[in-house]
1. Run through the stretch F:93-147 and list the chymotrypsin sites (Phe, Trp or Tyr not before Pro) located in a DSSP loop whose Cβ has at most 13 other Cβ atoms within 10 Å.
2. Would you tell me the accessible area of E:I11, worked out with a 1.4 angstrom probe on the heavy atoms of the protein chains, in Å² to the nearest 10?
3. What does the C-alpha gyration tensor say about the overall shape of the stretch A:1-84? Classify as rounded when a/c is under 1.5, otherwise prolate if a/b is larger than b/c, or oblate.
4. Working from Cα positions, state the angle (0 to 90°, nearest 10) between the long axis of helix B:119-134 and the longest principal axis of chain B.
5. Largest first, how would A:L14, F:L168 line up by accessible area (1.4 Å probe)?
6. Report the label-to-label distance for C:L190 and D:I11 in nanometres (one decimal), using points 7 Å from each Cα along the Cα→Cβ vector.
7. Which longest run of chain D has no exposed loop site in it, a site being trypsin sites (Lys or Arg not before Pro) in a DSSP loop with at most 16 other beta carbons within 10 Å, and the site itself not part of the run?
8. List the distances, in nm to one decimal, from the label point of F:L14 to the label points of the same position in every other copy, shortest first, placing each label point 7 Å from Cα along the Cα-to-Cβ direction.
Protein chains: 6
Amino acid sequence: MTQTDAPRFPIPQLNALPDDIRERILAVQEKSGFVPNVFMVLAQRPDEFRAFFAYHDTLMDKDAGLSKAEREMIVVATSAINQCLYCVVAHGAVLRIRAKKPLLADQIAVNYRKADITARQKAMLDFAVKITTESHKVGEPDFAVLAQHGFSNDEIWDIAAISAFFGLSNRMANFSNMMPNDEFYLMGRLPKT
Amino acid sequence: MTQTDAPRFPIPQLNALPDDIRERILAVQEKSGFVPNVFMVLAQRPDEFRAFFAYHDTLMDKDAGLSKAEREMIVVATSAINQCLYCVVAHGAVLRIRAKKPLLADQIAVNYRKADITARQKAMLDFAVKITTESHKVGEPDFAVLAQHGFSNDEIWDIAAISAFFGLSNRMANFSNMMPNDEFYLMGRLPKT
Amino acid sequence: MTQTDAPRFPIPQLNALPDDIRERILAVQEKSGFVPNVFMVLAQRPDEFRAFFAYHDTLMDKDAGLSKAEREMIVVATSAINQCLYCVVAHGAVLRIRAKKPLLADQIAVNYRKADITARQKAMLDFAVKITTESHKVGEPDFAVLAQHGFSNDEIWDIAAISAFFGLSNRMANFSNMMPNDEFYLMGRLPKT
Amino acid sequence: MTQTDAPRFPIPQLNALPDDIRERILAVQEKSGFVPNVFMVLAQRPDEFRAFFAYHDTLMDKDAGLSKAEREMIVVATSAINQCLYCVVAHGAVLRIRAKKPLLADQIAVNYRKADITARQKAMLDFAVKITTESHKVGEPDFAVLAQHGFSNDEIWDIAAISAFFGLSNRMANFSNMMPNDEFYLMGRLPKT
Amino acid sequence: MTQTDAPRFPIPQLNALPDDIRERILAVQEKSGFVPNVFMVLAQRPDEFRAFFAYHDTLMDKDAGLSKAEREMIVVATSAINQCLYCVVAHGAVLRIRAKKPLLADQIAVNYRKADITARQKAMLDFAVKITTESHKVGEPDFAVLAQHGFSNDEIWDIAAISAFFGLSNRMANFSNMMPNDEFYLMGRLPKT
Amino acid sequence: MTQTDAPRFPIPQLNALPDDIRERILAVQEKSGFVPNVFMVLAQRPDEFRAFFAYHDTLMDKDAGLSKAEREMIVVATSAINQCLYCVVAHGAVLRIRAKKPLLADQIAVNYRKADITARQKAMLDFAVKITTESHKVGEPDFAVLAQHGFSNDEIWDIAAISAFFGLSNRMANFSNMMPNDEFYLMGRLPKT
């Protein structure tokens, strides 16, 4: 890792973890070639680990409605507002891969209003940002805009839930000084050869 | 329910729910005498329901470290910042019961700095509030203050995780127009007779 | 009193007060069964006491226009923004009694947008909140919305003046560490028997 | 008057006012050479007029403690935050006269941290600004700073009360589109000849 | 100078300056009767001085499009937001002279929404303020409003560029503790005799 | 260019530009292999172009004091606050190259508090951020912290001036819809081969 500061809480040993957690981590490692730090930081509390990833998977691995790239757009926009280094860098990588657009994640992280996305996707991110910053003011006018862009109730719930869940994730990463693995920074930036 | 606006998303029928979810809801009903609306609103998505309550239970039902009343203080302070009516009212009720102090929840909901709690508990809520409002600025000086008040690393993680989790919960309740059941408003306000 | 901290300024002795102030306080005590702390805290400065309550009475005891419950809604919404424990709790009690709705004060204190009030009353509170947070931006579009809801010029002045006056009250209570009497917390929550 | 917009509420006729109010207004006119608009705007509601000026006089005409110039400094700093044109211009004039410093009001209106005042006066304005912007966070550390600068409890109350009272005044002036009389702009800027 | 604090950085000697800078300063002195402090503070870095005034002159000395008074309105509104004492006072003086309206600068400095200017000029200042406070949100709706008021593309660029340039100037003056010369405060306030 | 929106203002033809500007642009093109869009957007106003780059060069091409990588850190941190896509991406590229650290720009853009930089560099960015967000509060305590980290007066001026200048640049890029060239996104991310 590049960061100057160590993670604030001790990282558990892989072989000391419960079987289900160790197996998930090994599966990720096999698929990605490395273990994203979020797995190791959260593994020190197995029950939170299980709930966190169950929540994550049900929101992010869905096939219907929002595309997987759109889900990652929401994550990056939310995480940028919360200034979460881990989530912007790690999910920026996933967004680049899912969207097959190497520039998109940086654009959304800095100012999604200038990003190379559709007007419908900007409305989606406007709503995600409002969930993040002032959910107490969300009301019918917001839903009306989303409906005009053709979002279903299920998609609207997904936008809100992804933004809300990553608000949690951002706070945990910020607080625990979770650092993105070096591998994420370059992923999805180069054309496949 | 008292609210003028219906919940934004259709409430599922209890007998159409998966067994585990229906059973959890019936158990709550038996214990409390009513079904808190959060169960019915979230039940329309069983996997999110399961992840949400697994996360909730591991953070809130723990015996070691922070007392159960202290955990509820964090919920109320966080939810007040996020202006979440459901969570302030429902967890205010739980806080009154757990702390056996009928005035405490209202005090924390309005301004925890004036509440009848210890200096240590105010430091706990200062940290929870910082997690809620600017987690990107959390750093060593914050941990030093917590350490001076004798909080362990495990307790610090709990404060942060409870605040982060209820940030998620607040956003879901605000967005879905989740209303507190009428029963919560009076719970814990009267002396047991 | 429940609070851990004493009021910051010495509370005067009732019998050392000027006659008119002592009489007002005794009258309140006879009517309410206790002396709300605001009377004792402000009584240490008789001229401010007299001006404060003269201002209060002319705004709050009026029969025409806004109902007395609506006036208290404005107080609670304003005081919640200013995080004034005394005013939210004390006027929350009065609001419950005036509106004969035991849940209303808590709803308005947390997020009036979710409260069980009319659209007209929400417009009234939108305006009160704007007076509280950015009165320098109030202008014709705000008055136009109020006119659409049928508010007269006199009622508009009342909304603004009540919000402005309780902004003063909130600051005095916050600064002087004025604590709500325990009696307020439960008032108006129980059905009359 | 210079303003393009008329005051929002009808200005009463002087001879239609109650005697005590008309007499106060005539006395001001005799002393100042003109009637400050605040008198005419507020006179449409005699009871509010009386309470407002009673409050004003007891806070601003006191001889002990803070100097009259210092009281006006608090008014100008508070009114600048609330972006109240009437109060900054009218009380800026009074401040110039009271302090016998023709440049001071403009300095405090723009940024009191750069004004030609003492460190003690800057601490006084720091406190007034905190009362104005976040009175719910005022606490012992603030009082300790004031005590270090030698402020008595009575003076501290005055700072808070003046700031709170003019917060009310600022909101009433902003809302009612009260415009400063042209005469105020130049008052106290020229050496007496 | 009136200020209590000296400028933070040493003021260079006029005769130690490069010829072009000294000549510009002497020309200003001849025209104005004094040397505005901004010249002396910036002169300690000749290349920045030259770039600053070249930028200033191309934006402020243009004859087409916005009037010179309108350009100064933008400067005063921008500088008031940034709480820059030097720029509000010095450019307030220039605005009074350019607009031949002795009250205008104080009005714009406190709250341009109440100033004696046209609706078109208020739209101009709305845009300047948005450039100053949230330029990342500027978009087509903003340009549409400006177009409705008849602003050309060239004028829109000027509004943005003047606001952006004085944002720089405000920060340099604030940071370097640059104080307005006493002469500015009264300039343009008196009728020519 | 990838962006969906065209730049708001017409891009001039290279051969229609004044000689000095065309030559500068051709020199950049020869060195970089492409013409950064900032040159073409600003070239439509030659005098602003010249002042802008003169200011830029004197602040960024200096050899003494702050390293060139440190100057770029200030640019990236400032531009991230102002949500300027062009400046974060373009100067992020320059920072990666100057610092020879491919991960650094992303870290500073999201949250410099977590970046792999020294405590001295964090103090430098704390100051740059304060210049950007509340320069009116900058004062002796800020300078004392910088002095503790060994910054000279000249270096302090550079931090402030770079932050102030790029605040101007950010506003111009945001307003004119200036988009970063695609080339910037990947620059400095790969090891030299």
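1. Qualifying residues, ordered by number: none.
2. The accessible area comes out at roughly 70 Å².
3. oblate
4. It works out to around 70 degrees.
5. So, going from the largest accessible area down, we get A:L14, F:L168.
6. About 5.7 nm separates the two model spin labels.
7. Longest site-free region, per DSSP loop and neighbour criteria: D:101-191.
8. Shortest to longest, the spacings are 4.8, 5.2, 7.5, 7.5, 9.0 nm.
The values are calculated or read from the model by the stated rules, or taken from the named source; none is laboratory data. This one's a predicted model, so the numbers in the text were calculated from it and none came from an experiment. Quick reminder, even Gly has a Cβ in these numbers, built from the backbone with ideal geometry, and neighbours come from all protein chains shown. Areas reflect the complete protein model, heavy atoms only, side chains present, ligands, DNA and RNA absent. Shrake-Rupley method; radii C 1.70, N 1.55, O 1.52, S 1.80 Å.
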